[in-house]
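> So that we are looking at the same thing, I have put the structure below in structure tokens.
The values are calculated or read from the model by the stated rules, or taken from the named source; none is laboratory data. On a predicted model such as this, the values are computed, not experimentally measured, just so you know. Cβ sites come from the backbone with ideal geometry, for glycine too, and all protein chains shown count toward neighbours.
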Amino acid sequence: MDPFKTAKEILENISNEVIDSPELLESFRMKYLATKNIIKPLFGEMKDVPVESRKEFGFLLNQLKQNAEEKYQQWKQYFEDQRKNDEQAQIDLSRPGDPILLGSRHPISIVTNRIIDIFVKLGFSVAENREVEDDWHNFTAMNTPQDHPARDMQDTFYLLNSTEYLLRTHTSSVQARVMSSQKPPIRIIAPGRVYRNETISARSHAQFHQVEGLYVDKGVSFADMKQTLLYFAQEVYGPDTKIRLRPSYFPFTEPSAEMDVWMGTETEKNKRLTKGTGWLEVLGCGMVDPQVLANCGIDPEVYTGFAFGIGIERSAMQQFEVGDIRMFFENDLRFLSQFKSAF
Ligand code: PHE
């Protein structure tokens, strides 16, 4: 038997083998590549090949192995691809998809953004700052004396073992932040979360939101404040809305006032809302106390300003008829998903 001839025959057979099913591929593998394949015995014939032809014979045998392996791999890949295609063809494209849950704005964000939009139209820009605040920005700069009750542990959350750092009790701390780092004219609106050590109930919470406003420039007057706040009230409650300013007290404004909006007593709802008076309390405001300007490095002989602070939760409860303030902080989707369309 001529081993060369046998090898060449096998080489030819390998290329002629028809493989058109995974079963035939398996027979091909058994024949040429498995442990007992028909190429292997040829290696045993090497000793009978004349020395000068051994190199050539060795080359031929390697080629056999290589060709068989290549052909096998190609067809194996082919059948694998085919199987994957078949699987995909079985996917039912007419089946309804899994719905993608759309998020929605939190009611507090909705109300906050509405307020911001109104003041942005008047040329105010948004300023945000830290919730963990130091005593100076929250109290001292804001003219709040050392013995003021707001500084009491009863009312303020101080950081553990600290009399210096606290959770801000109002967004007025942003006034101090801005005034001590910017020069007038200053026109900012500062939304954010604030904290007070209050008993949590349906009507009050230890965390809530405010929007602070501050306007400092040469010649800013109480009349400017009143007109600005009237514009705000009419944007929120309608063009015929009436406001009144009641004298009040804040350590950082002088004079200070509280702004009420006339809701009337015609409807039961408004009667309840205004405790029978027809007036709804909306915000605290006043002319920035000259001492506060001075504390922040602004010359009170040159500049004046007004500031106001709007509570968000009460307004949101009223607008969306939410009866319990705790709902805003529970992240219950059954509650939150009700505000989908209220942008
Ligand atoms: N910081 C005050 C509060 O939390 C509100 C306020 C802000 C009053 C600005 C006057 C001016 O009640």
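> Ala150: modelled with pLDDT under 95, assigned to a helix (DSSP H, G or I) and either among the β-branched types (Val, Ile, Thr) or more than 30 Å from Glu321 (Cα to Cα) (or both), yes or no?
Numbers: modelled with pLDDT under 95: yes; assigned to a helix (DSSP H, G or I): yes; either among the β-branched types (Val, Ile, Thr) or more than 30 Å from Glu321 (Cα to Cα) (or both): yes.
When the stated conditions are applied, Ala150 passes them.
> Mind checking whether some residue in region 211-230 is in a loop (DSSP other than H, G, I, E, B) and under 32 Å from the mean Cα position of the chain (by Cα)?
No: zero hits.
> Looking at region 314-340 only, could you name the residues that are exposed (fewer than 13 other Cβ atoms within 10 Å of the Cβ) and within 19 Å of the chain's Cα centre (by Cα)?
Here is the first cut: in region 314-340, the residues exposed (fewer than 13 other Cβ atoms within 10 Å of the Cβ) are 321, 323, 330-334, 337, 340.
Hits for region 314-340 are Glu330, Asn331, Asp332, Leu333, Ser337, Lys340.
> For region 190-201, which residues satisfy the criterion of being within 12 Å of the ligand (Cβ to nearest atom) and in a strand (DSSP E or B)? Before you say what the answer is, go through the steps one by one.
Start the filter on region 190-201 by keeping residues that are within 12 Å of the ligand (Cβ to nearest atom), which leaves 190, 192, 194-196.
Selection gives Ala190, Gly192, Val194, Tyr195.
> So, in region 153-189, of the ones that are in a loop (DSSP other than H, G, I, E, B) and under 25 Å from the mean Cα position of the chain (by Cα), which residue ends up farthest from the ligand (Cβ to nearest atom)? Show your work before the answer.
Applying the first criterion (in a loop (DSSP other than H, G, I, E, B)) to region 153-189 yields 153-157, 159-164, 168-171, 180-185.
Next cut, under 25 Å from the mean Cα position of the chain (by Cα) only: 168-171.
On the way: Arg168: 10, Thr169: 7, His170: 3, Thr171: 7 Å.
Step by step, filter region 153-189, then rank; the result is Arg168.
> Out of everything in region 104-147 that is in contact with a Pro (Cβ under 8 Å, 6 or more places away or on another chain) and modelled with pLDDT of 90 or more, what residue ends up being surrounded by the most Cβ atoms within 10 Å (Cβ to Cβ)?
So the first thing to find is which residues in region 104-147 are in contact with a Pro (Cβ under 8 Å, 6 or more places away or on another chain), and the list is 112, 115-116, 126, 128, 142-145.
Narrowing further to those that are modelled with pLDDT of 90 or more: 112, 115-116, 126, 128, 142-144.
Values: Thr112: 22, Ile115: 20, Ile116: 18, Val126: 12, Glu128: 13, Met142: 27, Asn143: 20, Thr144: 21.
Per the criteria, the residue is Met142.
> Suppose the filter is at pLDDT below 90 and either exposed (fewer than 13 other Cβ atoms within 10 Å of the Cβ) or in contact with a His (Cβ under 8 Å, 6 or more places away or on another chain) (or both); does Asp81 pass it? Quick ask: steps written out before the conclusion?
Values: at pLDDT below 90: no; either exposed (fewer than 13 other Cβ atoms within 10 Å of the Cβ) or in contact with a His (Cβ under 8 Å, 6 or more places away or on another chain) (or both): yes.
Considered against the rule, which asks whether it is at pLDDT below 90 and either exposed (fewer than 13 other Cβ atoms within 10 Å of the Cβ) or in contact with a His (Cβ under 8 Å, 6 or more places away or on another chain) (or both), Asp81 comes out as no.
> Just one of (1) away from the ligand (no atom under 14 Å from the Cβ); (2) touching a Leu at 6+ places or on another chain (Cβ under 7 Å) trips up Ile116, so point out which.
(2)
> Select from region 261-293 the residues that are within 14 Å of the ligand (Cβ to nearest atom) and in contact with a Lys or Arg (Cβ under 8 Å, 6 or more places away or on another chain) and list them in ascending order.
none
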